[in-house]
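The values are calculated or read from the model by the stated rules, or taken from the named source; none is laboratory data. Remember, predicted model here, so these are calculated numbers, not experimental data. Neighbour counts are summed over all protein chains in view; Cβ atoms, including those assigned to glycine, are modelled from backbone coordinates with ideal geometry. Only protein heavy atoms, including side chains, enter the accessible area calculation; ligands, DNA and RNA are left aside. Shrake-Rupley method; radii C 1.70, N 1.55, O 1.52, S 1.80 Å.
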Amino acid sequence: MELKGYVYANDGLTISIKAMHTQMSLLNVHTDNIANYGIPGYQKKSPVITSFAEVLGPNAVDSATNTDIGRLRRSGYPLDVALNTKGYFQKLNAYGGVDLTRDGRFQLDKDGYLKALDGKRILSASGLPIRLPYIPENLEKELKITPSGEVMLYNLKKGSVTSAATIGVANEQGSAASEVDMKQGYVEDSNVMLQDEYMAIMPLRREFEANRQMFIVQNDNLSRMIQELGRAQ
């Protein structure tokens, strides 16, 4: 049987090897989730097995992003912004493209640009990098971010209020999100549930070990058969 360039072999050794490779690919998805558990805004991945897994082996394993909102944790820092709705902040990358992230731990550079922790500038709802007209002396008192993402500057000395920009939020397709609810002074923790990941890993490890033992038994039997054939000649 052939399938798009793949040759299907149904001998026991091949089946065991492909099964182990598939289980390792599934395990990698869960271990990645565990490794990123402490990363704010990280969205866990769920393994997905496509059709013809017995033919494709590890190539049949893909992952889907879980877009559930993680737990919002109060930090109190005025440049921390958490999305209480689905969607993504937009960062301008070095190639002129846009990266999406839910990590709203922002900073201000010396020129007044709002940027992510990796230094990429945050885009406004109009698609331009957000730059404040001046850097407030007291961020906690002079910079407010509304639930809709509008960045407000309060000049305490002059008694004036300035709308600097509105933080842009995009959906998975890159279009403007239809619903936005931001919480200033909060950080969104990852939506990974460690107990779920460890529970998912346990049967995969057992299956991997079972296939490994099956491979060893079949390999030993094959080796003995080859030796006996050699003596018979």
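Within segment 209-219, does at least one residue satisfy the condition of being among the acidic types (Asp, Glu) and modelled with pLDDT of 70 or more? Among the residues of segment 209-219, at least one is among the acidic types (Asp, Glu) and modelled with pLDDT of 70 or more, which makes the answer yes. Restricting the search to segment 61-85, which residues are out of contact with any Gly (no Cβ under 8 Å at 6 or more places or on another chain), part of a strand (DSSP E or B) and open to solvent by less than 60 Å² (accessible area, probe 1.4 Å)? Across segment 61-85, the qualifying residues are 61, 63, 64, 72.
Considered as a group, the residues in segment 142-169 that are in contact with a helix residue (DSSP H, G or I) (Cβ under 9 Å, 6 or more places away or on another chain) and open to solvent by 40 Å² or more (accessible area, probe 1.4 Å) include one that is nearest to residue 123 (Cα to Cα), and that residue is 154. Taken over segment 86-102, residues that are in a loop (DSSP other than H, G, I, E, B), open to solvent by 30 Å² or more (accessible area, probe 1.4 Å) and closer than 20 Å to residue 148 by Cβ amount to 1.
The requirement of being part of a loop (DSSP other than H, G, I, E, B), within 27 Å of residue 97 (Cα to Cα) and open to solvent by 70 Å² or more (accessible area, probe 1.4 Å) is fulfilled somewhere in segment 174-191, by at least one residue.
Might you check whether a residue that is hydroxyl-bearing (Ser, Thr, Tyr), open to solvent by less than 40 Å² (accessible area, probe 1.4 Å) and modelled with pLDDT of 95 or more occurs anywhere in segment 9-23? Taking every residue of segment 9-23 in turn, none turns out to be hydroxyl-bearing (Ser, Thr, Tyr), open to solvent by less than 40 Å² (accessible area, probe 1.4 Å) and modelled with pLDDT of 95 or more. Total residues in segment 134-163 satisfying the condition of being under 30 Å from the mean Cα position of the chain (by Cα) and either over 18 Å from residue 77 (Cα atoms) or assigned to a loop (DSSP other than H, G, I, E, B) (or both): the figure is 4.
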